[in-house]
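Participant: First, the structure itself, so that you have it in front of you.
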Amino acid sequence: RLALGHQPKPSEVSRYWIRRAVDWITGDPVAWGRLVARRALYLVGGFEIGDQKNLVYFLESWWPFTFLPRWWWLFPLALVGLTVPGDNQGRLLLAAFAVAYGAVLVLFVPVERFRLALYPAICILAGRSLVWAWAAARTRAWGPLLLRLALAASVAAAVSWDPTGY
């Protein structure tokens, strides 16, 4: 209200904040790039960013929830699931959904409760990698299996790092 000099309509408020955001982005694109990179880290990181209540507390405080998969090992397995041979159409559809939804979260709110919508796609892709790994081990395809295990382990180590101390 003070910035516009009068009681604004909702559309004026929206235009005002969009204009401020665009001015900031164009005025300091490096700072904006750092912000987007940090928020992308929040999206893929194995640590939980809560906005009201920490979901990890709830997952660890009631025994029926203790069996639920955790992001820090599901996400790396999902990335491996993207690399295994098989159904390209389904894999690409899941990846497209995850990237599109993840981009929205990075731009707006990368907190845990909104990231929950990614879990079904991530679980399916992680399941693909586990099924493939079982078949690779049975056929003794050790090279591709070890390569993908190394990929999963390195991604798990990377996403487990919490630079925020949250």
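The values are calculated or read from the model by the stated rules, or taken from the named source; none is laboratory data. Remember, it's a predicted structure, so these values are computed and weren't measured experimentally. Ideal geometry is used to build each Cβ from the backbone, glycine not excepted, and the neighbour counts take in all protein chains shown. Quick note on the areas: whole protein, heavy atoms, side chains included, nothing else; ligands and nucleic acids left out. Shrake-Rupley method; radii C 1.70, N 1.55, O 1.52, S 1.80 Å.
Participant: In degrees from 0 to 90, rounded to the nearest 10, what is the angle of the helix 10-27 Cα long axis to the longest principal axis of the chain?
Facilitator: 70 degrees
Participant: Normalised by the empirical 2.2 N^0.38 Å for globular proteins, what value does the Cα Rg of the chain take? Mind showing how you got there, number by number?
Facilitator: Working: Rg = 20.3 Å, N = 166, 2.2 N^0.38 = 15.3 Å.
For the chain, the normalised Cα radius of gyration comes out at 1.32.
Participant: Can you check what the net charge comes to around G86, using other residues whose Cβ is under 15 Å from the Cβ of G86 (Lys, Arg +1; Asp, Glu -1)?
Facilitator: Result for the neighbourhood of G86: +2.
Participant: Then there's this: With a cap of 12 neighbouring Cβ atoms within 10 Å, and only residues DSSP puts in a loop, list the trypsin sites (Lys or Arg not before Pro) found in the stretch 116-166.
Facilitator: On the way: sites: R128, R138, R140, R148; in loops: R140.
In loop regions of the stretch 116-166 (DSSP not H, G, I, E or B), the sparsely surrounded trypsin sites (Lys or Arg not before Pro) are R140.
Participant: Which whole-number percent gives the relative contact order of the chain, counting Cα pairs below 8 Å spaced six or more residues apart?
Facilitator: Relative contact order for the chain comes out at 32 percent.
Participant: I'd like the orientation of helix 71-83 relative to the chain: the angle between its Cα long axis and the longest Cα principal axis, in ° from 0 to 90, rounded to 10.
Facilitator: For 71-83 against the chain, the angle is about 70 degrees.
Participant: Along its principal axes, what span do the Cα atoms of the stretch 2-50 show, with the longest given first and each in whole Å?
Facilitator: The principal-axis extents, from largest down, are 45, 26, 15 Å.
Participant: If I fit a long axis through the Cα atoms of helix 88-107 and take the longest principal axis of the Cα atoms of the chain, what angle between them do I get, 0 to 90°, rounded to 10?
Facilitator: 30 degrees
Participant: Accessible area per residue, 1.4 Å probe, Å², for the chain: what's the number? If you can, show how the numbers build up before the last one.
Facilitator: Details: 10880 Å² over 166 residues.
Here the per-residue accessible area is 66 Å².
Participant: Next question. Where a ≥ b ≥ c are the square roots of the eigenvalues of the C-alpha gyration tensor, would you call the stretch 116-155 rounded, which needs a/c under 1.5, or, failing that, prolate if a/b is larger than b/c, or oblate? Before the final figure, lay out each step's value.
Facilitator: Values: a/c = 5.17, a/b = 1.76, b/c = 2.94.
Verdict is oblate for the stretch 116-155.
Participant: Report the charge-dipole magnitude of the chain in Debye, nearest 20, computed about the Cα centre from +1 at each Lys and Arg Cβ and -1 at each Asp and Glu Cβ. Mind dumping the intermediate values first?
Facilitator: Details: 17 positive and 9 negative charges, 46 e Å.
The dipole magnitude comes to about 220 debye.
Participant: What is the mean projected area of the alpha carbon convex hull for the stretch 85-132, to one decimal in square nanometres? All intermediate terms of the calculation are to be shown ahead of the outcome.
Facilitator: Details: hull surface 13.4 nm².
Projected area, direction-averaged: 3.4 nm².
Participant: Here is a follow-up. Would you mind checking the stretch 18-37 for residues with the amide N under 19 Å from a putative spin-label position 7 Å along Cα→C-beta of V99?
Facilitator: Hits in the stretch 18-37 for V99 at 19 Å: 36-37.
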